[in-house]
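The values are calculated or read from the model by the stated rules, or taken from the named source; none is laboratory data. None of the values given here were measured: they were computed from a predicted structure. Cβ coordinates were reconstructed from backbone atoms using ideal geometry, including for glycine residues, and neighbour counts include every protein chain displayed. Just the protein is used for accessible areas: all its heavy atoms, side chains included, with ligands, DNA and RNA removed. Shrake-Rupley method; radii C 1.70, N 1.55, O 1.52, S 1.80 Å.
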Amino acid sequence: MRGNPEAHELLAPGNLAAVLALLAESPGEWTPIAGGTELMVAHAAGRLDAKKLVSLWGIAEMRFTRSEADRFVIGAGATFGDLRAHAELAAELPLIAKAASWIGAIANQNRATIGGNLVNGSPAADSSPAMLAYDTEVELISVRGTRRVAYSAFHTGYKRNVLAPDELMLAIHAPRRFAKHRQYLRKVGPRRAMAIAKVALGATALVENGAVNEIRLGAASLAPFPTRLHKAEAALQGRQVTAETIETACSELLAEARPIDDIRSTAEYRRHVGANLLKEFLLELGREPVP
Amino acid sequence: MSADWPAIRFIVNGESRAVRVPAMKRLLDVLREDLRLTGTKEGCGEGECGSCSVRMNGELVNSCLVPVLQAEGAEIETVEGLSSNGALHPLQQAFLECGGAQCGICTPGMLMAATHLLARNPHPSLAEIREGLAGNLCRCTGFIRIFESVIAAAGSTRGHRGPADHAR
Ligand SMILES: Cc1cc2nc3c(=O)[nH]c(=O)nc-3n(C[C@H](O)[C@H](O)[C@H](O)COP(=O)(O)OP(=O)(O)OC[C@H]3O[C@@H](n4cnc5c(N)ncnc54)[C@H](O)[C@@H]3O)c2cc1C
Ligand code: FES
Ligand code: FES
């Protein structure tokens, strides 16, 4: 059944302060809507529960990408089209631009925001593995002020996160220190664009003096929410990349992954594909000449 | 009843328009029902098919996923705005000549996506055309004739040696 537009209220205060004041007035009552590419699909199907919506679209304070000396600050309202078009970001943190190119076709990328992707919190969200691999932080804002949280601690359960009812995601802080890292992002799904991933892995690693000095593995669809693979990381940290460490890391991944079964795939399949992706990344990493 | 809704104003194909409709009404329905611009089509109603594609402030968007309040103050371009004084737009002419339209349901969206592509990239490669139109589905033509129409309208494309090249 199609949704009835008269059953929903939508306001567009037009600036951040006014939106935050509205959220603070009656916390939990208003649902933000940015590009609407999640919420309007729910609306079309008649399953949009939110009765009161407040628009974030067109608020310039949320749609920006700023380069600072040690980081990129990406507004939560930046669209995936914006991120693909940002040459400096695409050159330094290519996994973000790569993921952005997957979020549907052009018309969807022109509306879909990074904040909407992360807050929506699908276990399969395409931008999440890169955000985890790059050790990003998310900046949250309310009338009470701003706070920063590691993105790896943002999701707390299936479609649950640390946002308070009066808070918005304002920005993502992505450190600019990955130039020497090996970077990897691969999604396994029916096809590259316009298809929901069965499994995806994003990874960054720095090999120094033959040993893994720093590694981050970010996975989609290997848990009820996007997550780092801490055990597999620990199995590699400080070690040489050998057939044995690869074996150990993959079995750690198989042990720690707790994917869901759904119409797109089974948990068993996802775990094994996840391990294969990790193996592919580590084989590449092992081949890297020692600096 | 309808007069109870506050006016939402925007520009459609160069003309200022105002509508009094619920803020969550889809831009697609406002164009078709309130402004009688029925060129924009509904296929899936959920962002997958592109038959409702229009340009909003120069960006290609799917109007089925835009609540009309988010179009307030925007410049909207629909397929009705392509021709001028009865003369077809070169893309429309090319679709006619190359057989780029059969049943026609996808055509307005294809034309808007192609307009958007050529505005940014006047001589796209075949790969760029495929990417630019990837969100627009056609169940009739098999796409090849649509790609050929875009190539014909663009005059030439990088790395293009003739229509036979594209038929593969
Ligand atoms: C055709 C199509 C293809 C798609 N393909 C993909 C794909 O390949 N990969 C993928 O990952 N996704 C895909 N999506 C899903 C969707 O486009 C993305 O998740 C998008 O990034 C959502 O952003 P939005 O701004 O449109 O979200 P909205 O629908 O506006 O909002 C989504 C959620 O986020 C909340 N929200 C938004 N912004 C904020 C903020 N700043 N602070 C707090 N809460 C906020 C909203 O309240 C809502 O709960 C697709 C969708 C469609 C329609
Ligand atoms: S009707 Fe809008 S994308 Fe299909
Ligand atoms: S011409 Fe019929 S759907 Fe494209």
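At-a-glance table
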{"item": "Qualifying residue in the stretch A:36-43 (condition: touching a helix residue (DSSP H, G or I) at 6+ places or on another chain (Cβ under 7 Å), open to solvent by 20 Å² or more (accessible area, probe 1.4 Å) and more than 11 Å from chain B (Cβ to nearest Cβ))", "result": "no"}
{"item": "Among residues of the stretch B:5-57, those that are small (G, A, S) and outside any strand (DSSP E or B), counted", "result": "8"}
{"item": "Top-ranked residue in the stretch B:75-93 [being part of a loop (DSSP other than H, G, I, E, B) and out of contact with any helix residue (DSSP H, G or I) (no Cβ under 9 Å at 6 or more places or on another chain); ranked as most open to solvent (accessible area, probe 1.4 Å)]", "result": "B:N85"}
{"item": "Residue check for A:L222: open to solvent by less than 20 Å² (accessible area, probe 1.4 Å), under 17 Å from A:M131 (Cβ atoms), of a type outside the set (D, E, K, R) and part of a loop (DSSP other than H, G, I, E, B)", "result": "yes"}
{"item": "Condition check for A:A60: more than 21 Å from B:V54 (Cβ to Cβ), away from ligand 2 (no atom under 16 Å from the Cβ), modelled with pLDDT of 95 or more and more than 14 Å from every other protein chain (Cβ to nearest Cβ)", "result": "no"}
{"item": "Every residue from the stretch B:110-156 that is of a type in the set (G, A, S) and open to solvent by 20 Å² or more (accessible area, probe 1.4 Å)", "result": "B:A119, B:S125, B:A127, B:A134, B:G142, B:A152, B:A153, B:G155, B:S156"}
{"item": "Single residue of the stretch B:1-43 satisfying the filter (open to solvent by 70 Å² or more (accessible area, probe 1.4 Å) and among the acidic types (D, E)) that is farthest from the other protein chains (Cβ to nearest Cβ)", "result": "B:E15"}
{"item": "Residue match in the stretch B:61-71 (condition: farther than 19 Å from B:I105 by Cα, outside any helix (DSSP H, G or I) and within 12 Å of chain A (Cβ to nearest Cβ))", "result": "yes"}
{"item": "Residue, surrounded by the fewest Cβ atoms within 10 Å (Cβ to Cβ), within the stretch B:95-109, restricted to residues that are within 7 Å of ligand 3 (Cβ to nearest atom) and of a type in the set (A, V, I, L, M, F, W, C)", "result": "B:C103"}
{"item": "Residues located in the stretch B:94-137, provided they are touching a Ser or Thr at 6+ places or on another chain (Cβ under 8 Å), small (G, A, S) and either at pLDDT below 95 or part of a loop (DSSP other than H, G, I, E, B) (or both)", "result": "B:G99, B:G100, B:A101, B:S125, B:G135"}
{"item": "The stretch A:23-41 residues that are more than 16 Å from ligand 2 (Cβ to nearest atom), paired with ones that are open to solvent by 40 Å² or more (accessible area, probe 1.4 Å) and part of a strand (DSSP E or B) (beta carbon under 6 Å, 6 or more apart)", "result": "A:E29/A:K52; A:W30/A:K52"}
{"item": "Filter pass, A:S101 being under 10 Å from the mean Cα position of the chain (by Cα), in the same structural domain as A:G157 (by TED's automatic domain parsing) and of a type in the set (S, T, N, Q)", "result": "no"}
{"item": "Answer residue from the stretch B:44-60, given it is farther than 17 Å from A:G58 by Cβ and open to solvent by 40 Å² or more (accessible area, probe 1.4 Å) and is nearest to the other protein chains (Cβ to nearest Cβ) among those", "result": "B:E46"}
{"item": "Within the stretch A:109-130, tally of residues that are in contact with a Gly (Cβ under 8 Å, 6 or more places away or on another chain) and under 17 Å from A:P190 (Cβ atoms)", "result": "0"}
